[in-house]
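Novice: To start, I am sharing the structure in question, which I have written as structure tokens.
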Amino acid sequence: MTTLSRPLRLLLLGAPGSGKGTQTSKLLDKFSHINPLSSGDLLRTQIAAQTPIGREASSYITNGTLVPDMTMINLLAGELDSRGWLSPNASWLLDGFPRTAAQAHGLDTQLAANACALNLVVELDVNEDVILERIENRWIHLPSGRIYNLQYNPPRQPFTDDLTGEPLSKRDDDNAEVFKKRLVAYNEQLLPLKEFYDKQGVLTKVSGDTSDIIFPKLAKLISSQYA
Ligand code: ATP
Ligand code: MG
């Protein structure tokens, strides 16, 4: 375990299936005191609990389109606040939010007011062909967001979560048709989002077609600046 010497407020950017969730688990194993928050996991929890936000979000997710910005900003603002993360001392990692420039603006206003702006934004750059093939093999443990790949990272028992023994499930939106729409949505939003963080001087990119290639680069980047 590596301890951070100063707070890290990290956003992982990357196409659907680029491995944000996998990199997040690996980072949690290596660096102590980082807290993860995935907007997709948060939405899936809301859907499972049939909350008003869950009911609103479910059709967007099923169709592979983005949930409206205001809904996302309010949801995430509330979540960051209730977790006590709006503080200059907390270290955390966001996956999947902000995803549009409007969301980035909304979040930035709130973070800046609490002296805890994002200090690192890393784009995971993975070949699209590689990504498409991965999705079909992906299974998740819904309550925790843990991700398995039947080929590269299979569970110890078939279709069963290693830690809890609970069943794994397939995401409704992890099929070829919806996945293509998610990729299009991602690519449409990417440039303005990157511009926003580039202007703040916090944007970097890590390239590679497997998580095992990307992770050492990402870990080195974080260690060199924050450990
Ligand atoms: P992966 O989890 O494979 O990296 P992804 O990034 O497309 O792929 P999630 O982040 O789990 O998947 O998001 C799933 C769906 O939830 C999205 O397709 C979208 O409908 C909705 N969603 C998640 N985050 C946001 C966001 N910040 N803004 C709008 N919609 C979102
Ligand atoms: Mg994800």
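Novice: Could you provide, to the nearest whole Å², the per residue accessible area of the chain with probe 1.4 Å?
Specialist: 48
Novice: Something else about it: Of W85, T62, S223, which is farthest towards the positive pole of the chain's charge dipole, taken about the Cα centre with +1 and -1 on the beta-carbons of Lys, Arg and Asp, Glu respectively?
Specialist: Comparing the listed Cα positions along the dipole, S223 ranks first.
Novice: Among Q151, Q110, S169, flag the residue with its Cα farthest along the positive direction of the charge dipole of the chain, charges on Cβ as +1 for Lys/Arg and -1 for Asp/Glu.
Specialist: Q110
Novice: Cut-off 10 angstrom, C-alpha nodes, Gaussian network model of the chain. Which of Y197, Y148, Y60 fluctuates the most?
Specialist: Y60
Novice: In region 1-91, carbon and sulfur make up what percent of the accessible area (probe 1.4 Å)?
Specialist: With neighbouring chains kept in place, the figure for region 1-91 is 52 percent.
Novice: Give the long-range amide H neighbours of K205: residues separated by 5 or more places, or on another chain, with amide H under 5 Å away, using H modelled in the peptide plane at 1.01 Å from N.
Specialist: E123
Novice: Charges only on Cβ, +1 for Lys and Arg, -1 for Asp and Glu: so what's the dipole of region 70-171 about the Cα centre, in debye to the nearest 20?
Specialist: Magnitude of the dipole: close to 260 debye.
Novice: Using only Cα atoms, locate the centre of region 142-160 and the centre of region 182-203, then give the distance between them in Å, rounded to an integer.
Specialist: 30
Novice: Quick one: putting +1 on the C-beta of Lys and Arg, -1 on the C-beta of Asp and Glu, what dipole do you get for region 1-98 around its Cα centre, in Debye to the nearest 20?
Specialist: Charge dipole, region 1-98, about its Cα centre: 280 debye, nearest 20.
Novice: Could you calculate the contour length gain from A49 to E136, that is, 0.36 nm times the residue separation minus the distance between their Cα atoms, to one decimal place in nm?
Specialist: Extra length available between A49 and E136 comes to 28.7 nm.
Novice: Taking a threshold of 29 Å on the Cα-Cα distance, which of the pairs K30/K205; K30/K181; K30/K180; K20/K181; K170/K199 fall above it?
Specialist: Exceeds cut-off: K30/K181; K30/K180; K170/K199.
Novice: Quick one: putting +1 on the C-beta of Lys and Arg, -1 on the C-beta of Asp and Glu, what dipole do you get for the chain around its Cα centre, in Debye to the nearest 20? Walk me through the numbers on the way to the answer.
Specialist: Values: 23 positive and 26 negative charges, 97 e Å.
The dipole magnitude comes to about 460 debye.
Novice: Give the value in nm², to one decimal: projected area of the alpha carbon convex hull of the chain, averaged over all directions.
Specialist: The orientation-averaged projected area of the Cα hull of the chain comes to 11.7 nm².
Novice: Ignoring ligands, DNA and RNA, what percent of the accessible area of region 160-214 is carbon or sulfur (1.4 Å)?
Specialist: On the way: 1660 of 3120 Å².
Looking at region 160-214 in its full context, I get 53 percent from C and S.
The values are calculated or read from the model by the stated rules, or taken from the named source; none is laboratory data. Here the structure is a predicted model, which is why all the values come from computation and not from measurement. Glycine gets a Cβ as well: all are built from the backbone with ideal geometry, and neighbour counts include every protein chain shown. Side chains are part of the model used for accessible areas, which takes the heavy atoms of the whole protein and leaves out ligands, DNA and RNA. Shrake-Rupley method; radii C 1.70, N 1.55, O 1.52, S 1.80 Å.
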